[in-house]
Amino acid sequence: MSNFILYTYQHTCKAGHPAYILAKSPFKAVVRMVEGKKKIPFLGTGYYFWEENKEAAHRWGKNHYYNKYNVIEYKDLKISKSDLLDLGDRRDLAYLEEIKKPYIAKNPKFKNWRIANWIEFFREETKKDSTIFPRKFIRAEENLPDNEENNNLKKKVFFTEGVSYYTYASPLLIVCVLDTSKMDFKTKTLLK
């Protein structure tokens, strides 16, 4: 069994001069203030990539950059499993729950934090002690709100005693890179 995962990833950003985009990408998603409230990206501050999903990269650009966007493809990005927190893996979820426990014990309000809050918190704690959260990549599946687009992506595959069960035949897998110095890939290409 390999100690790495190897996929091709797409990064979506605002449209710009092709040479600039290729030289400077990926671009960081950061915590912003919106109407006096902190808005934390899905998996915290980092560089976001779609896993093997050009369609999702283009959809993001059309919806979030009003069709003025670029997509950069990173061919064969190699990620060490020891650097990865995979939120689709039960062992990694158990690890995350375990490292949260001492902080929740000190402040029970933390129990209701979203994953993005925890990632931001652990990034700050890691500045004091690098062993607290040594992960450099976070992988997750993004599920859209229950709407028409989501239902088109979700495929009904079986019934049990009148109850419909679903699976995603085209999951929206995302990787958030916390440290771009850990990115090892074959090529970087501007697709749009």
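Only residues that are charged (D, E, K, R) and assigned to a helix (DSSP H, G or I) were counted in segment 76-92, giving 5.
Going through 128, 155 one at a time, which residue ends up being more than 17 Å from residue 10 (Cβ to Cβ), surrounded by fewer than 16 Cβ atoms within 10 Å (Cβ to Cβ) and at pLDDT 90 or above? Walk me through how you get there before you give the answer.
Working: 155 fails: at pLDDT 90 or above.
When all the criteria are applied, what remains is 128.
Could you tell me whether any residue of segment 23-31 is closer than 30 Å to residue 131 by Cα, assigned to a loop (DSSP other than H, G, I, E, B) and of a type in the set (D, E, K, R)?
Within segment 23-31, the first condition is being closer than 30 Å to residue 131 by Cα, and the residues that meet it are 24-31.
From the residues that got through so far, the ones that are assigned to a loop (DSSP other than H, G, I, E, B) too are 25-28, 30-31.
In the following step, the residues that additionally are of a type in the set (D, E, K, R) were identified as 28.
Yes, that holds for at least one residue.
If you go through segment 3-23 and keep only what is within 22 Å of residue 181 (Cβ to Cβ), exposed (fewer than 12 other Cβ atoms within 10 Å of the Cβ) and not aromatic (Phe, Trp, Tyr), you end up with 3, 23. Candidates are the residues of segment 102-144 that are touching an Asp or Glu at 6+ places or on another chain (Cβ under 8 Å) and among the charged types (D, E, K, R); the one that is nearest to residue 183 (Cα to Cα) is 136.
For segment 46-53, check the following and say yes or no: at least one residue is within 20 Å of residue 126 (Cα to Cα), part of a loop (DSSP other than H, G, I, E, B), among the hydroxyl-bearing types (Ser, Thr, Tyr) and under 16 Å from the mean Cα position of the chain (by Cα). Quick ask: steps written out before the conclusion?
To start, the set of residues in segment 46-53 that are within 20 Å of residue 126 (Cα to Cα) comprises 46-47.
Imposing the further condition that a residue be part of a loop (DSSP other than H, G, I, E, B) reduces the set to none.
No - not one qualifying residue is present in segment 46-53.
Among residues of segment 90-116 being more than 15 Å from residue 133 (Cα to Cα) and surrounded by 14 or more Cβ atoms within 10 Å (Cβ to Cβ), the one that is nearest to the chain's Cα centre (by Cα) is 113.
The values are calculated or read from the model by the stated rules, or taken from the named source; none is laboratory data. This is a predicted model, so every value here is computed, not measured. Glycine gets a Cβ as well: all are built from the backbone with ideal geometry, and neighbour counts include every protein chain shown.
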